[in-house]
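Enquirer: For reference, the structure I am asking about is given below.
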Amino acid sequence: PRTLCIDEFKSMRSVKGKMSFITVDGNKQCLFELLEDRRLRSLLEHYQQFSLKARRNVKYLVMDTNASYDQLVKSVFPNARVIYDRFHIAKHLNDTMNHVRIHVYNRLRKARRIKHYWRLFLQDQDHLCKRDYYERRYFHRTVNSVVILDLMLEYDQELSATYNLIQALKRAYNQRNFPAFIKLLKIHPANVSH
């Protein structure tokens, strides 16, 4: 197929590598094959049985960010362009935000709000709740999710800069504005965590 979608999944205890491997024909949207073992050595052996002409026919490989799959693409599918699936891109952005949030919390130690309201950092800015309520434990006043997040972002420049960059990346990606997404990846604003 011109487009292959690959992933691993937990199948049965009797399989060799504990995880199996699934391949879907992305154009026909149907199962292409199931393999018992997802380890790189097994995958290389399996796909090198196909002719080089057949392997060159694969133009797109949709996959997660598993490093061994990158090696598979380079070795077996010379003409394939890698496309990372949406779930793993969103997960990577959220993991990065969480890492920075925890780093800032550990550095400041006094900002317990950052720990308590961790979910607000992961939500899309456009979906934050604007309904007011009285928050007694941490703020002793009427607030909403937007106000709480703004107050926490004032604690630290690294936290604020990283949050703003990740929100811009999410917005560009969700709007399928890929040139803007790539441009944002290439710039490195001041104070953003490396």
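Only the coordinates and a few stated rules stand behind these numbers; no lab work does. If you're wondering where the values come from, they're calculated on a predicted model, not measured in any experiment. Neighbour counts are summed over all protein chains in view; Cβ atoms, including those assigned to glycine, are modelled from backbone coordinates with ideal geometry.
Enquirer: Pick out which of Met97, Met63, Met12 has the largest mean-square fluctuation in a Gaussian network model of the chain, springs linking Cα atoms closer than 10 Å.
Expert: Met12
Enquirer: Per Stokes-Einstein, at 10 °C and 1.306 mPa s, what whole-number D in µm² s⁻¹ belongs to the stretch 137-194, with the Kirkwood radius over Cα pairs as the hydrodynamic radius?
Expert: 123
Enquirer: Let me ask another. Work through the residues other than Leu169 whose Cβ is under 15 Å from its Cβ and net out their charges, Lys, Arg +1 and Asp, Glu -1.
Expert: For residues surrounding Leu169, the net value is +4.
Enquirer: When the dipole is taken about the Cα centre of the chain, and only Lys, Arg (+1) and Asp, Glu (-1) are charged at their Cβ, what size is it in debye, to the nearest 20?
Expert: So the dipole magnitude of the chain works out to roughly 180 debye.
Enquirer: Out of every Cα pair in the stretch 1-79, what percent are spaced more than 14 Å from each other?
Expert: 61
Enquirer: OK, next. Rg/Rh for the chain: what does it come to with C-alpha atoms and Rh from Kirkwood?
Expert: In the chain, Rg relative to Rh is 1.10.
Enquirer: Let me ask another. Just to confirm my numbers, what's the Cα centroid distance between the stretch 91-153 and the stretch 1-64 in Å?
Expert: Distance between centres, Cα-based: 41 Å.
Enquirer: Give the cross-link partners of Lys130 among the lysines, using a straight C-alpha distance below 21 Å as the criterion and excluding same-chain residues fewer than 8 apart.
Expert: Partners found: Lys115, Lys170.
Enquirer: Turning to a different aspect of this structure: About its Cα centre, how strong a charge dipole does the stretch 132-194 have in debye, to the nearest 20, once Lys and Arg get +1 and Asp and Glu get -1 at the Cβ?
Expert: Here the size comes out at about 340 debye.
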